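The values are calculated or read from the model by the stated rules, or taken from the named source; none is laboratory data. Here the structure is a predicted model, which is why all the values come from computation and not from measurement. Quick reminder, even Gly has a Cβ in these numbers, built from the backbone with ideal geometry, and neighbours come from all protein chains shown.
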Amino acid sequence: MIGVFDSGVGGLTVLKALLRELPLESFVYLGDTARLPYGTKSPATVARYALQAAEALTGYDIKCLVVACNTASAVGLPAVSAHIAPVPVIGVIEPGAAAACAASRSGRIAVIATEGTVRGRAYEQAIRRGRPEADVQARAAPLFVALAEEGLAEGPIAEALAHHYLDPLFASSAPAPDTLVLGCTHFPMLVGAIRAAVGPEVCIVDSAETTARRVRETLTAAGLADGGAAGTLRLLATDAPERFARIGARFLERPISPEEVTLIDL
């Protein structure tokens with residue numbers, strides 16, 4: 001069993017990538033919907049929430065934990081790793097940053113994320129560990145989260161907002177970045193509008209896909225990969241399972257009934 005947690009439904013984009021990458025594994029996903037969003041909380045609060053979520057998932061005998069929240073990955077990963085060792089813990093920031101370093105030809109890399117992730121400079125630091133000379137620009141794009149959850153990821157509103165956030169990074173007179181990191185799990189839902197704003201030449205890095213590959217590599221290297229029958233999926237939420245099912249279905253790209261979502265208390 002692989003545990004995955006996020007502040008809400010955004011991490012289902014990571015779960016979707018994991019299900020494609022590891023179809024024989026079983027997963028348990030926890031969305032802390034009672035306390036979202038994490039992106040506006042203090043680092044100490046987010047770290048505390050992450051520890052509580054990780055503790056809850058250890059009750060499912062997990063062999064690996066995926067922190068599918070960028071904000072929690074930015075501030076809570078060391079504490080979570082120490083708390084549930086020796087279970088491997090994988091966040092979304094390091095795989096995304098590594099992919100951006102490999103993809104960028106010029107070293108000019110842009111990151112869009114939540115306020116908390118941008119404020120913590122986690123992607124900038126991770127990218128510069130891989131490419132010290134990199135020119136990294138980060139911008140918060142908080143309204144993308146609302147559009148994704150309201151089903152407005154396509155159309156004129158999404159396109160206008162994409163230009164609002166991205167034109168200052170890509171349409172200025174200075175040399176533009178050649179790589180863009182989607183530093184929030186909601187943002188892959190808006191990739192069409194984002195692509196239209198940045199143009200066809202920019203490499204867009206989806207941290208969900210890169211994280212799924214990192215999980216597969218980690219399990220294979222540790223001899224923990226499951227080669228049996230098709231796996232199972234359990235969905236947990238800390239509030240409003242009906243809303244989780246309704247919105248989460250768009251992110252997971254399959255129907256979710258409220259009966260599939262177990263309500264838990266952290």
Q.
Would you confirm, using the coordinates I've provided, whether Glu159 is without any contact (Cβ under 8 Å) to a residue 40 or more places away in the chain, over 16 Å from the mean Cα position of the chain (by Cα) and buried (at least 16 other Cβ atoms within 10 Å of the Cβ)?
A. yes
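Here's the yes/no breakdown for (1) touching a residue at least 12 places away in the same chain (Cβ under 8 Å); (2) more than 19 Å from the chain's Cα centre (by Cα):
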residue: Asp226; (1), (2): yes, yes
residue: Leu233; (1), (2): yes, no
residue: Asp239; (1), (2): yes, yes
residue: Ala245; (1), (2): yes, no
residue: Gly248; (1), (2): yes, no
residue: Leu252; (1), (2): yes, no
residue: Pro255; (1), (2): no, yes
residue: Leu263; (1), (2): yes, yes
residue: Leu266; (1), (2): yes, yes
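Conditions tested, residue by residue: (1) in contact with a Gly (Cβ under 9 Å, 6 or more places away or on another chain); (2) more than 24 Å from Val4 (Cα to Cα).
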| site | (1), (2) |
| --- | --- |
| Glu55 | no, no |
| Gly59 | no, no |
| Ile62 | yes, no |
| Gly91 | yes, no |
| Ser104 | no, yes |
| Arg108 | no, yes |
| Val118 | yes, no |
| Tyr123 | yes, no |
| Pro132 | no, yes |
Q) Does Gly10 qualify as being under 29 Å from Leu224 (Cα atoms), touching a Ser or Thr at 6+ places or on another chain (Cβ under 7 Å) and not hydroxyl-bearing (Ser, Thr, Tyr)? A) yes
Q.
Among the residues of region 125-147, what is the count of those that are assigned to a loop (DSSP other than H, G, I, E, B), of a type in the set (A, V, I, L, M) and more than 16 Å from the chain's Cα centre (by Cα)?
A. 1
Q. Of the residues Val145, Val181, which is in contact with a Gly (Cβ under 8 Å, 6 or more places away or on another chain), in the same structural domain as Ala110 (by TED's automatic domain parsing) and under 30 Å from Leu224 (Cα atoms)?
A. Val181
Q | Test for Val66: is it under 18 Å from Cys184 (Cβ atoms), assigned by TED's automatic domain parsing to the domain that holds Tyr38 and among the β-branched types (Val, Ile, Thr) | A | yes
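Residues Glu150, Glu217, Glu201, Glu159: which one is in the same structural domain as Gly248 (by TED's automatic domain parsing) and either more than 20 Å from Ala113 (Cβ to Cβ) or of a type outside the set (Ser, Thr, Tyr) (or both)?
Glu217
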**Q.** Some residue of region 211-229 being surrounded by fewer than 21 Cβ atoms within 10 Å (Cβ to Cβ) and closer than 15 Å to Ala110 by Cβ
**A.** no
Q | When residues of region 26-59 are limited to those that are out of contact with any strand residue (DSSP E or B) (no Cβ under 8 Å at 6 or more places or on another chain) and hydroxyl-bearing (Ser, Thr, Tyr), the one nearest to Ile264 (Cα to Cα) | A | Tyr49
Q. For Ser42, are the conditions met, namely being touching a Leu at 6+ places or on another chain (Cβ under 8 Å), over 22 Å from Ala222 (Cα atoms), modelled with pLDDT under 95 and not assigned by TED's automatic domain parsing to the domain that holds Thr117?
A. no
